[in-house]
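Some notes on the structure that comes next.
The values are calculated or read from the model by the stated rules, or taken from the named source; none is laboratory data. All values derive from a computational prediction rather than experimental measurement. Please note: Cβ atoms are built from the backbone with ideal geometry, for glycine as well, and neighbour counts cover all protein chains shown. Accessible surface areas use protein heavy atoms only, side chains included; no ligands, DNA or RNA. Shrake-Rupley method; radii C 1.70, N 1.55, O 1.52, S 1.80 Å.
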Amino acid sequence: DGLGFTELTRFAAHNGFDGVMLGHPHAPWHLEFTQQAGHAAGRAPTQDNLLVFYLPDTAAWQAARDRLIAFGATPVPSWNPFWDQVGVTFEDPDGYRIVLQNATWTR
């Protein structure tokens, strides 16, 4: 909810795993999160395990940041100071981090 994604689909008890796919209905990608009953995934191995979202439109970036904060997320200093220059980092309870970067991604 904080990132504004839609639940595209979910599954249960598929070879012992449950999962949910999140994204935007017309985007050519999705994020899939799975879990196995009775298995703890554990914490992120480092503070630099990131999922980075490039949002070049400042209004869209601010809206995404504000949604996460309204959802209860608190910005944290990034392990790599680069991400703090024009972005904001959030950490989930398991230590995994996302960065909302107010920039265009280039190769």
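Taking only protein heavy atoms and a 1.4 Å probe, the accessible area of the range 44-107 is 57% carbon and sulfur.
Applying the criteria of a DSSP loop state and at most 12 other Cβ atoms within 10 Å to the chymotrypsin sites (Phe, Trp or Tyr not before Pro) of the range 2-107 yields TRP29, PHE71, TRP105. Against the chain, whose longest principal axis is taken from its Cα atoms, helix 58-70 shows a tilt of about 50°. Relative to the Cα centre, the charge distribution of the range 50-101, modelled as +1 at Lys and Arg Cβ and -1 at Asp and Glu Cβ, gives a dipole magnitude of about 80 debye. Surface analysis of the chain yields an accessible area of 69 Å² per residue, using protein heavy atoms and a 1.4 Å probe.
Binning the alpha carbon pair distances of the range 50-101 at 10 angstrom intervals from zero yields the distribution 26, 61, 13, expressed in whole percent.
Each label was represented as a point 7 Å from its Cα along the Cα-to-Cβ direction; for TRP79 and GLN62 these points are 3.2 nm apart.
Dividing the mean sequence gap of close Cα pairs (under 8 Å, 6+ apart) by how many residues the chain holds gives a relative contact order of 26 percent.
Couplings 3J(HN,Hα) of the range 92-101, computed from phi: 8, x, 8, x, 7, 10, 10, 10, 9, 9 Hz, in residue order, whole Hz [Karplus 6.51 cos²θ - 1.76 cosθ + 1.60, θ = phi - 60°; x for Gly and Pro].
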